[in-house]
Amino acid sequence: MKKCVLYSLFFLVTSLFSQQGDSTILNFKEYLGYVKKYHPIAKQAELNISIGQAKLMKARGGFDPKLEVDYDRKKFKGLEYYDLLNATFKIPTWYGVEFKAGFEQNDGDFLNPQNSVPQEGLFNAGVTVSVAQGLFINNRMATLRKAKFFREQKKADRDLQVNEILYKASLAYFDWLKAYNEKEIYLNFLDNAKIRFTGIKKSALAGDKAAIDTVEAKIALQNRMLSLEQAKVKLIKQSLVLSNFLWLEGNIPIELKPNVIPDSNVEEDIDSTLGIIDKPLDSFSLKEHPKMKSLYYKIEGLEVDRKLKANKLLPKIDLEYNFLTETPELSRSFNTSEYKGGITFRFPLFLRKERGALKLAKYKVQDARFTRETTELNIKNKVMTIFAELESFKTQNQLIKDIVNNYSTLLVAEERKFSFGESSLFLINSRERSLIDTRLKANKLQNDFFKTKAKLFNSLALNPEIL
């Protein structure tokens, strides 16, 4: 059994990563797919759906038929004081109407006269109706309606919760990619510094260059080595942050190995993976936004509660009528002149409790509506701002790309002049530092661009089905 589990884990891990040389690439789409499927918070979000279903089942239980049996007996010093049996079967309905049927059989030496029934017992069948409070809405109806809204609200909350964890996981991936690119930048320029230092050292030994040039070349090399070590530390930190989002079946966390690297071509997959590839600004609709849906169902539930509180202002009037018969198998035995009936009337004189409860219910509805209005405006403005940022990033990315190319051209030209003895090592290092700074700026700009796309994904509260 142990071997089967180990083989399964190996298969899952290898399917998550793809090989490229000595390194293993962690694909962005499959990475988010595993986050959505196995991360505990994503599972917790799915659990909320089950909670909503369970609450709905509980509310529907208020309309379940009920069987009630009351049996009392007293016997003392050889005398049977009383022997009382009362069995009732009740069927609640949607409105304030309850059907019921029962059987009553009583006996005893000291039996209360009102409990006297034929020796074989007495059958009854009738109905109880609430004609004022509880007719069109009552606790059972309100609980069931609120449970239905609660279930739909939990579905919207599930999408919000899953979207949030995918958003945070995306940011972690992009920061990891940024740290990796930064390390690669310093690694490439370290190789250049090593080649330059070796060449200048040979030239100095041959007498073609001044000895002081080797000191400057060595300082440049040491600076590149220092920057590379700092970049490696950043990469390790971001790898550990990313590991927080990687889990397997059975709540087993995964730790990234040093040879695992991000996908350098992730830009091609971001839009399709996050589901924002076909989301222009003019197609944006707040009606389908999970946050707005959640608030809508919350308000609907509060409205049900308000109506119930308003219904409590009515007097409670319950009418009851039951046919009585000794022979229920004979339909003719039910006679309207033989019955058991009654009326119950209750009405508080000041209604302070009921009026206070109704005011509180109204305030809750108003508060939720204010929240919905402000949330709607915030989401709308946030989405419009993000779309504007994305448009600006297109121009910025093109500009930084041209700047990098221009700085690269200057560095190559300066190195060529240096080889002819027409430049100095100081100018080469200056050109190279400018190129490094620009490459780092381009890396940060790319990171900001990717994060802005993730913000759009988060603002739209999408829950991609392809993951």
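The values are calculated or read from the model by the stated rules, or taken from the named source; none is laboratory data. Nothing here was measured: the structure is a model prediction, and the numbers come from that model. Here the Cβ is made from the backbone with ideal geometry for all residues, glycine too, and neighbour counts use every protein chain on show. Areas reflect the complete protein model, heavy atoms only, side chains present, ligands, DNA and RNA absent. Shrake-Rupley method; radii C 1.70, N 1.55, O 1.52, S 1.80 Å.
With the helix formula -39500 (n - 2.57) applied to DSSP H stretches of n ≥ 4, the chain reaches a computed 222 nm mean residue ellipticity of -21500 deg cm²/dmol. Averaging Cα coordinates gives a centre for the range 327-366 and one for the range 32-50; these two points are 46 Å apart.
Counting heavy atoms of the protein chains alone, L190 has an accessible area of about 10 Å² for a 1.4 Å probe. Positive end of the dipole of the chain (Cβ unit charges, origin at the Cα centre): among F334, P348, P262, the Cα lying farthest that way belongs to P348.
Simple point charges give the picture: +1 on the Cβ of Lys and Arg, -1 on the Cβ of Asp and Glu, and for the range 360-467 a dipole about the Cα centre of about 440 debye.
Charge tally around A310: other residues with Cβ under 11 Å, Lys/Arg +1 each, Asp/Glu -1 each, net +4.
To the nearest 10 degrees, how steeply does helix 425-459 sit against the main Cα axis of the chain, on a 0 to 90 scale? It works out to around 10 degrees. Only protein heavy atoms count here; on that basis, with a 1.4 Å probe, E120 has an accessible area of about 140 Å².
For the range 30-177, the C-alpha radius of gyration sits at 1.89 times the compact-globule guess of 2.2 N^0.38 Å, with N the residue count.
Mind jotting down the distance between the C-alpha centroids of the range 371-386 and the range 195-212, whole Å? Going from one Cα centre to the other spans 63 Å. Rounded to the nearest whole Hz, the Karplus-based 3J(HN,Hα) values (6.51 cos²θ - 1.76 cosθ + 1.60, θ = phi - 60°) of the range 411-424 follow the sequence 5, 4, 5, 5, 5, 5, 5, 5, 5, 8, x, 9, 9, 10, with x at glycine and proline.
Taking Y297, Y31 and ordering them by how much accessible surface each has at a 1.4 Å probe, largest first, produces Y297, Y31. When only alpha carbons are used to place a centre, the range 236-284 and the range 79-149 end up 62 Å from one another.
Dipole of the range 180-244 computed with +1 at Lys/Arg Cβ and -1 at Asp/Glu Cβ about the Cα centre; of T198, V241, L187, farthest Cα towards the positive end is V241.
Using the beta-carbon distance between L226 and I403 and R0 = 22 Å, what value does 1/(1 + (r/R0)^6) give for FRET efficiency, to the nearest 0.05?
With a Förster radius of 22 Å, E is 0.30.
Computed over neighbours whose Cβ is under 13 Å from that of K154, the net charge equals +4, Lys and Arg +1, Asp and Glu -1.
Once you charge only the Cβ atoms, +1 for Lys and Arg and -1 for Asp and Glu, what is the size of the charge dipole of the range 198-280 about its Cα centre, to the nearest 20 debye?
Numbers: 10 positive and 12 negative charges, 149 e Å.
It comes to approximately 720 debye.
F76 contributes an accessible area of around 110 Å² to the protein surface, as traced by a 1.4 Å probe with all chains present.
Under 14 Å of direct C-alpha separation, and excluding same-chain neighbours fewer than eight residues apart, K234 reaches these aspartates and glutamates: D175, E182, E184. The order of the peptides 262-268, 401-407 by mean Cβ neighbours within 10 Å, most packed first, is 262-268, 401-407.
Beta-bridge orientation, the chain: approximately 95 percent antiparallel, per DSSP, counting only bridges with both partners inside.
With θ taken as phi - 60° and the Karplus curve 6.51 cos²θ - 1.76 cosθ + 1.60 applied, the whole-hertz 3J(HN,Hα) list for the range 363-371 is 5, 5, 5, 4, 4, 5, 5, 4, 4 Hz, x standing for glycine and proline.
To the nearest ten degrees, helix 212-243 and the longest principal axis of the Cα atoms of the chain are 10 degrees apart.
Computed over protein heavy atoms with a 1.4 angstrom probe, the accessible surface ordering of F350, F174, largest first, is F350, F174. Which of the listed residues, F110, L144, V127, is farthest toward the dipole's positive end in the range 42-169, when Lys, Arg count +1 and Asp, Glu count -1 at the beta-carbon? Checked the options; the winner is L144.
Mean sequence separation of contacting Cα pairs (under 8 Å, at least six apart), scaled by the length of the chain, corresponds to a relative contact order of 20 percent. Once the other residues with Cβ under 10 Å from the Cβ of Y297 are scored (Lys, Arg +1; Asp, Glu -1), what is the net sum? With Lys, Arg at +1 and Asp, Glu at -1, the net is +4. Charges were assigned to the Cβ only: +1 to each Lys and Arg, -1 to each Asp and Glu. The resulting dipole of the chain about its Cα centre is roughly 1220 debye.
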